[in-house]
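What follows is a set of notes on a single structure, which appears directly below.
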Amino acid sequence: AQRVTQPEKLLSVFKGAPVELKCNYSYSGSPELFWYVQYSRQRLQLLLRHISRESIKGFTADLNKGETSFHLKKPFAQEEDSAMYYCALNGDSSYKLIFGSGTRLLVRP
Amino acid sequence: GAVVSQHPSRVICKSGTSVKIECRSLDFQATTMFWYRQFPKKSLMLMATSNEGSKATYEQGVEKDKFLINHASLTLSTLTVTSAHPEDSSFYICSARPSRSSGSRYEQYFGPGTRLTVT
């Protein structure tokens with residue numbers, strides 16, 4: 001069964017500290033993985049996807065098939081990064097996304 | 001581009017009544033739209049996949065007779081909560097998958113959500 005696990009409900013760091021939001025998945029094939037972000041009072045929006053291998057707002061995420069992980073990282077957190085972050089997986093032809101439970105990132109000044 | 005709207009943004013209804021929520025893709029066509037339910041401080045739970053011109057596909061445990069979905073056009077899907085009860089109170093979010101995309105075939109754009117309160 002497809003599953004996405006985000007073990008941390010809340011991650012609190014100080015401004016300028018490195019950030020790593022963990023995401024593990026279970027899927028037998030070759031999934032596509034995404035990170036979505038939801039800022040306060042805003043809609044869910046795509047942050048990045050593994051196939052693009054891009055860096056958005058300083059965030060990167062590498063797909064590690066051996067560890068079935070897709071952790072989101074940023075070397076220096078900013079206060080404006082405070083938000084809910086959701087890892088999502090899609091692995092079948094239905095195009096639906098399976099979301100993790102989300103991690104709230106709080107960046108303190 | 002790629003904006004999805006939902007209407008209404010907030011609705012309060014009495015127990016036993018029905019309420020309709022609209023999801024529109026404003027500047028693109030969407031063959032497929034998705035309906036999610038978000039509980040407080042929890043993740044999004046996929047309720048159903050709405051396909052233009054065909055019946056919706058519901059996730060396990062979601063009552064299709066209670067949550068009626070109609071995807072009447074390539075830019076509009078509606079979710080009707082029938083005979084609403086207080087336990088149906090929640091935040092309902094839709095997303096739309098572009099019929100044509102230069103990005104991932106799984107790309108979805110999300111609406112702002114609708115807060116339903118059943119009294």
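The values are calculated or read from the model by the stated rules, or taken from the named source; none is laboratory data. Because the structure is predicted, anything quoted here is derived from the model rather than measured. Heads up, the Cβs are rebuilt from the backbone with ideal geometry, glycines too, and the neighbour counts pull from every protein chain shown. The protein model used for the area step is the full one, side chains on, heavy atoms only, and it has no ligands, DNA or RNA in it. Shrake-Rupley method; radii C 1.70, N 1.55, O 1.52, S 1.80 Å.
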Filter the range B:52-65 for residues that are of a type in the set (S, T, N, Q) and part of a loop (DSSP other than H, G, I, E, B) and give the result.
-> B:SER54, B:GLN60
From B:THR49, B:THR31, which residue is in a strand (DSSP E or B), hydroxyl-bearing (Ser, Thr, Tyr) and open to solvent by 50 Å² or more (accessible area, probe 1.4 Å)?
-> B:THR31
Inspect the range A:62-75 for any residue being at the interface with chain B (Cβ under 9 Å from one of its Cβ atoms) and either closer than 23 Å to B:LYS42 by Cβ or open to solvent by less than 70 Å² (accessible area, probe 1.4 Å) (or both) and give the result as yes or no.
-> no
Every residue from the range B:67-119 that is more than 14 Å from chain A (Cβ to nearest Cβ) and in a loop (DSSP other than H, G, I, E, B) | B:LEU74, B:THR75, B:THR82, B:SER83, B:ALA84, B:HIS85, B:SER89, B:THR119
Give the range B:80-119 a look and list any residue that's at pLDDT below 95, among the charged types (D, E, K, R) and surrounded by fewer than 19 Cβ atoms within 10 Å (Cβ to Cβ), or say none.
-> B:GLU87, B:ARG100, B:ARG105
So how many residues does the range A:37-56 have that are touching a residue at least 40 places away in the same chain (Cβ under 8 Å) and among the hydrophobic types (A, V, I, L, M, F, W, C)?
-> 2
Please specify each residue of the range A:20-43 satisfying the condition of being outside any loop (DSSP other than H, G, I, E, B) and under 19 Å from A:LYS57 (Cβ atoms).
-> A:GLU20, A:LEU21, A:LEU33, A:PHE34, A:TRP35, A:TYR36, A:VAL37, A:GLN38
Scanning the range B:1-24 for residues that are of a type in the set (Ser, Thr, Tyr) and farther than 15 Å from A:GLN45 by Cβ gives B:SER9, B:SER15, B:THR17, B:SER18
Can B:SER43 be described as in contact with a strand residue (DSSP E or B) (Cβ under 8 Å, 6 or more places away or on another chain) and open to solvent by 50 Å² or more (accessible area, probe 1.4 Å)?
-> no
Over the range A:3-23, the set of residues open to solvent by less than 60 Å² (accessible area, probe 1.4 Å), within 27 Å of B:GLY113 (Cβ to Cβ) and more than 11 Å from every other protein chain (Cβ to nearest Cβ) is A:GLU8, A:LEU11, A:SER12, A:VAL19, A:LEU21, A:CYS23
May I ask you to list the residues in the range A:26-47 that are at pLDDT 90 or above, out of contact with any helix residue (DSSP H, G or I) (no Cβ under 7 Å at 6 or more places or on another chain) and open to solvent by less than 20 Å² (accessible area, probe 1.4 Å)?
-> A:PHE34, A:TRP35, A:TYR36, A:VAL37, A:LEU44, A:LEU47
